[in-house]
Amino acid sequence: MKRNLLLLTMLVLFSACESQLGTTIGSTISNVFSGKAFINSSGDEAYNSMKKEAASTPSTSSITPTCASLDSIVPITDKDSGNMSQIKDKLCTCAAWGTCDSKSCSCENLCPKDFKIIKKLAAPSDAVENTLSFTNTNNKFYKNDSSYKGYCWGISLVSQRFHRLATYLPDAPKKFQGENQDKERINEYKKIIAQINNNEPVTIPGFKSLRDFSNDPEVKDLLENSVKDQWAENALSSQGLKSVTSTTTPPKSELNQMFDDIEFRLKNNMSPAIVYNDKNDRLDSHVLLVSGTGTLPSGERYLCLNDNTFVQALNQNCNIKMVMQKDGSLKRTHGDNLVNKKGEPIEPISVGRVALTHSENTNLMEQISNLHTKCAGEKGCPKTL
């Protein structure tokens, strides 16, 4: 009975975007009656435990390691073998999934099963090369949807997963590029996208970045459909709908805790996703990635927003911010170069409810586990540390 009521609520809340809902209603109904729409985030406790452990562990150097094989430096005797990890780490500055191998770096440092496994030496999440080639207002999405409301949740989630999980090999040949291999090539792209959506790490030969990959016409079409599916699975879940049931801003103490946590996530290259709504219109909600934090000269803290509504150039240099006012209210502000359809500057928005997306920690913990497993396989380390 509760599931039927929730489905009815979904239909009522999204009746203004009937055409858009029609493109994903099959997936949504499947989520509701399979129970996926009702699953609560199971990763919060694991995330908090891992974060607490990280806070008590001394930080290591971020310098790119140049490692020599231990075997080539000194012969190893049976007496030394019990202290191999300590010996290796003294001879080499090791980084997660770095250039070292298991002969010159301990597996605990080389393939850690914690946040360091995703802290790769890569461009930030708001760099153009790390973003999709289409925006939330892409014509392919809304050309048949007269009341289009956006697939922001899907775009944010897909972008985030590629940022954390994808490795590109631009100098390697692309697979299935010969004649009469269209079907095999499309299946290969589908496989990559399916693995990403399943929180599994992927290696993509022949492309240099997400922007390059998503610019391929065949890939772009598949990714646009993936974005729609991810939107349906998350925005139209029971947790997703909570974002439009209230416009109450959390207390300032909770906001400060959230800002602190987002800073921690950014330092570990997580590109966190947040969901919020307009204080004056709870149905006007949005999901996007956070790319930075800071403090204004007047003392107010802010988040840099990477808004998938706009072309990426408009997201550079923290052009769009969510500012915590001194009274604890939140304002979304925009740079002077952001204008509406009439060419007028976009006015600041009073933000109501704001939170990390409900699947943030569940996805993160699964990704860390899968990244660790793949690293261990490549480096010859035990898969369980």
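The values are calculated or read from the model by the stated rules, or taken from the named source; none is laboratory data. Note that the structure is predicted; figures quoted are calculated from it, not measured. Because the Cβ atoms are built from the backbone with ideal geometry, glycine has one as well, and the counts that use them run over all protein chains shown.
Tabulated data for the structure shown
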read-out	value
Residues located in segment 315-356, provided they are within 20 Å of THR135 (Cβ to Cβ), among the basic types (Lys, Arg) and not in a strand (DSSP E or B)	LYS341, LYS342
When residues of segment 329-349 are limited to those that are modelled with pLDDT of 95 or more and not basic (Lys, Arg), the one surrounded by the fewest Cβ atoms within 10 Å (Cβ to Cβ)	SER329
Count of segment 286-306 residues which are out of contact with any Cys (no Cβ under 7 Å at 6 or more places or on another chain) and surrounded by 23 or more Cβ atoms within 10 Å (Cβ to Cβ)	4
Matching residues in segment 175-228 - criterion: being small (Gly, Ala, Ser) and closer than 18 Å to ARG161 by Cβ	ALA194, SER209, SER214, SER226
Leading residue by the ranking (surrounded by the fewest Cβ atoms within 10 Å (Cβ to Cβ)) among those in segment 350-367 that are out of contact with any Phe, Trp or Tyr (no Cβ under 7 Å at 6 or more places or on another chain) and hydrophobic (A, V, I, L, M, F, W, C)	ALA355
Residue in segment 84-130 that is modelled with the highest pLDDT, counting only those that are surrounded by fewer than 20 Cβ atoms within 10 Å (Cβ to Cβ) and of a type in the set (S, T, N, Q)	SER102
Among (1) in a helix (DSSP H, G or I); (2) over 15 Å from the mean Cα position of the chain (by Cα); (3) under 17 Å from SER159 (Cβ atoms) - the single one THR309 does not satisfy	(1)
Strands (runs of 3 or more DSSP E) enclosed by segment 181-297 - at least 1 residues per element that are of a type in the set (Val, Ile, Thr), closer than 30 Å to CYS375 by Cβ and without any contact (Cβ under 8 Å) to a residue 40 or more places away in the chain	202-205, 281-295
Residues located in segment 255-285, provided they are surrounded by fewer than 17 Cβ atoms within 10 Å (Cβ to Cβ), touching a strand residue (DSSP E or B) at 6+ places or on another chain (Cβ under 8 Å) and modelled with pLDDT under 95	ASN280, LEU283, ASP284
Those residues of segment 264-278 which are farther than 30 Å from LYS140 by Cα and either hydroxyl-bearing (Ser, Thr, Tyr) or out of contact with any Phe, Trp or Tyr (no Cβ under 7 Å at 6 or more places or on another chain) (or both), in sequence order	PHE264, ARG265, LEU266, LYS267, ASN269
Test: residue in segment 130-138 that is within 27 Å of ALA46 (Cβ to Cβ), in contact (Cβ under 8 Å) with a residue 24 or more places away in the chain and among the aliphatic types (A, V, I, L, M)	no
Residue satisfying all of: in segment 157-200; in contact with a Phe, Trp or Tyr (Cβ under 7 Å, 6 or more places away or on another chain) and exposed (fewer than 15 other Cβ atoms within 10 Å of the Cβ); farthest from HIS286 (Cα to Cα) among these	GLU184
Unmet criterion (only one of (1) within 30 Å of ASP171 (Cα to Cα); (2) touching a Pro at 6+ places or on another chain (Cβ under 8 Å)) for ASN308	(2)
Some residue of segment 372-385 being closer than 30 Å to TRP97 by Cα, hydroxyl-bearing (Ser, Thr, Tyr) and modelled with pLDDT under 90	yes
Residue within segment 246-255 that is among the polar types (S, T, N, Q) and closer than 16 Å to SER156 by Cβ present	no
Top-ranked residue in segment 159-180 [being part of a helix (DSSP H, G or I) and touching a strand residue (DSSP E or B) at 6+ places or on another chain (Cβ under 8 Å); ranked as farthest from ASN268 (Cα to Cα)]	SER159
